1. Run residue 88 past the list (1) in contact with a strand residue (DSSP E or B) (Cβ under 9 Å, 6 or more places away or on another chain); (2) modelled with pLDDT of 80 or more; (3) part of a loop (DSSP other than H, G, I, E, B) and report the number of the one that doesn't hold.
2. What are the residues in the stretch 55-74 that are in contact (Cβ under 8 Å) with a residue 12 or more places away in the chain, touching a strand residue (DSSP E or B) at 6+ places or on another chain (Cβ under 9 Å) and loosely packed, with under 13 Cβ neighbours inside 10 Å, if any?
3. Pick from the stretch 26-47 the residues that are farther than 24 Å from residue 73 by Cα and outside any loop (DSSP other than H, G, I, E, B): which of them is modelled with the highest pLDDT?
4. What are the residues in the stretch 48-67 that are at pLDDT 80 or above and in a strand (DSSP E or B), if any?
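The values are calculated or read from the model by the stated rules, or taken from the named source; none is laboratory data. Fair warning: this is a prediction, and the values are worked out from it, not measured in the lab. No Cβ is skipped: glycine too gets one built from the backbone with ideal geometry, and neighbour counts run over all protein chains shown.
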């Protein structure tokens, strides 16, 4: 690993297809540099020849992730999770007519 690379420590968000909060309480350490990428002419997706770009390491707590990065002399940035906005509504509210429509 190159010492100039910057890593992010963050909590992954739940996917759009996921209704619960499974696996969102762990912390992830991943590379945030996206250089050395190329566009595949056959399938039109972005790729990278550097396998370190695809590595993600998961930790139970933020402190464990920080200690690991400091022990390995990795420069990192912490992205704290945002507050979730929970809208409580019942299923029947999906069928109510909106006032502006």
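1. Result: residue 88 passes all but (1).
2. Those that are in contact (Cβ under 8 Å) with a residue 12 or more places away in the chain, touching a strand residue (DSSP E or B) at 6+ places or on another chain (Cβ under 9 Å) and loosely packed, with under 13 Cβ neighbours inside 10 Å: 55, 56, 60, 61.
3. By that ranking, first place goes to 39.
4. 56, 57, 58, 59 - these are the residues of the stretch 48-67 that are at pLDDT 80 or above and in a strand (DSSP E or B).
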